[in-house]
Amino acid sequence: MNRNRLSIHTLPTVLFVDMNSFFASCEQQDNYWLRGRPVGVCVYTGRQGCVIAPSIEAKIRGVKTGMRLDEAIALCPDLVPVETHPGRYREYHVKIIDVLREFSEDVVPKSIDEAVVDLTNYQLVYKDVRQAAMAIKQAIKQKVGDWLGCSIGIAPNVFLAKLASDIQKPDGLTVITPDTIDEVLCSLKLTDLPGIGYRMAARLEAGGVTTPLALRYATPEHLQHVCKSIIGWHWHLRLNFGGEVDLDTNDKIKSMSAMRTISSDQRNTPERLDELLQSLCLTLERRMVRQGIFCQDMSFSCRYHTGKTYNYEAHFPDPKQDGPELYQIIRERLEKFQAAHRCEPVLNRHLSNMSVVVFRFIPSELVPLRLFDNSARKDKLRQTLYDLKTKFGADKLVRATELRDNPVYRDVIGFGNIKDL
């Protein structure tokens, strides 16, 4: 269902709830002795591990997302590194969404730590939207966790509510209305607006739109010309209360990705890099099985400390879901590339991260049966495997490929991965 609307709406009835330092706060919620201390959540806690989520206390000390662990500890010597627990964050996410739905049926999760609460149809219920936002903050603390804080932005549309939620952190509450929007925009740069990166900002500036306020007052025709797409018209609607273009509740999954940041120990061992690649493919297999879908396209990419990249994209005549099969396709491509160009291995000691993305999905029931292989039996076995894992635990039944002396098949969840919850 799509709730986007193109009618003028100026009342601040849309709430954007942004959980503060969510992963780290979940760790502090479950471990009392981490509270008040600078915490860095990492996929792994080796010397060159990567901080994927610093706590509020760590952010105050200058620790940033994506910072290498040794650099973070040099900056903040009492930083406490904590390995990530994706299952924990998913459980808290589901509990928070359940609380939000006590206030409105119109709740749209936007990521693992963000959600939109649309109170447009609840104006008779909530006479004061600020009080409703304060009640949401209190309900999360009472029913989910007393250490879980959030910043809430309130505005007439999702874009401006998201912008408002970023203005005051942590534990902020900001309202944007037609009377206050110009004052808010005057204090910001183009790249402060959600969805505008440096490349889009450069394009706008080249077209004479150099500030958020200028963006608001530019004509939709000029913005479409500068952006070379309908997105220019969308910017005009967002900033002039002309409609809602960010409340799409279509649950169709467009892509799934699995990514790993590589430690120095891992990149120096070819066998470990190979295991990591297998783990990415098995992660995607698990997600596709749970969603009941097969992919028709896949991309594989590597990034190196030297700044170089390697990218490969494949289209499948027969839709794929099997993780080992995806892995084998990638390995064969890498071997052909290395043989053709007589170069060093793609998975080498300079590797900083690698990712596998699958997309262009079709439902399992639409996958054509093949007469001369046992794919149907393999597909059924795969589904049964994950049903048993769900019922009895992920470690109670494993494939032979998952049996390693140093297992790397650790689940990882990113801030945007919520479609499979």
Return the percentage of antiparallel bridges among DSSP beta bridges fully within region 7-132, rounded to the nearest 5 %.
75
Net charge near I60 (other residues with Cβ under 12 Å of its Cβ; Lys, Arg +1; Asp, Glu -1) is +4
Which residues in region 80-124 have a backbone N closer than 20 Å to a point placed 7 Å from the Cα of T45 along the Cα-to-Cβ line?
80-90
Separation in nanometres of the label points that stand 7 Å from Cα toward Cβ, at A139 and N121
1.6
Take T309 and F337, extend 7 Å from each Cα along the Cα→Cβ direction, and tell me the distance between the two endpoints in nm.
1.2
Using a probe of 1.4 angstrom, how much of the accessible area of region 268-369 is carbon and sulfur, in percent?
48
Please tell me the relative contact order of region 220-372 in percent, rounded to the nearest whole number, where contacts are Cα pairs under 8 Å and at least six residues apart.
32
For the residue pair S255 and K95, what label-to-label distance in nm results when each label sits 7 Å from Cα along the Cα-to-beta-carbon direction?
3.3
Which shape class, rounded, prolate or oblate, goes with region 217-320 when its Cα gyration tensor gives a ≥ b ≥ c as root eigenvalues, a/c under 1.5 marks rounded, and past that a/b bigger than b/c marks prolate?
prolate
Eight or more residues apart or on different chains, and alpha-carbon atoms under 18 Å: count the Lys pairs in region 27-164 matching that.
8
Suppose a student asked you for the relative contact order of region 73-212, using Cα pairs under 8 Å spaced at least 6 residues apart; what percent would you report?
12
Heavy-atom surface of region 1-113, accessible at 1.4 Å and reported per residue (Å²)
45
By the Cα gyration tensor axes a ≥ b ≥ c (a/c under 1.5 gives rounded; else a/b larger than b/c gives prolate, otherwise oblate), the shape of region 261-360 is prolate
Taking the C-alpha atoms of region 1-119, convex hull volume expressed per residue in Å³
138
Can you bin region 54-211 into rounded, prolate or oblate? Criterion: square roots of the alpha carbon gyration tensor eigenvalues sorted a ≥ b ≥ c, rounded for a/c under 1.5, prolate for a/b above b/c, oblate for the rest.
oblate
Using 0.36 nm times the number of residues separating D78 and Q168, minus their current alpha carbon distance, what extension gain do you get?
29.8 nm
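The values are calculated or read from the model by the stated rules, or taken from the named source; none is laboratory data. None of these values were measured; they are calculated from a predicted model. Every residue, glycine among them, receives a Cβ derived from its backbone with ideal geometry; neighbour counts consider all protein chains shown. Ligands, DNA and RNA are excluded from the accessible area calculation, which covers all protein heavy atoms including side chains. Shrake-Rupley method; radii C 1.70, N 1.55, O 1.52, S 1.80 Å.
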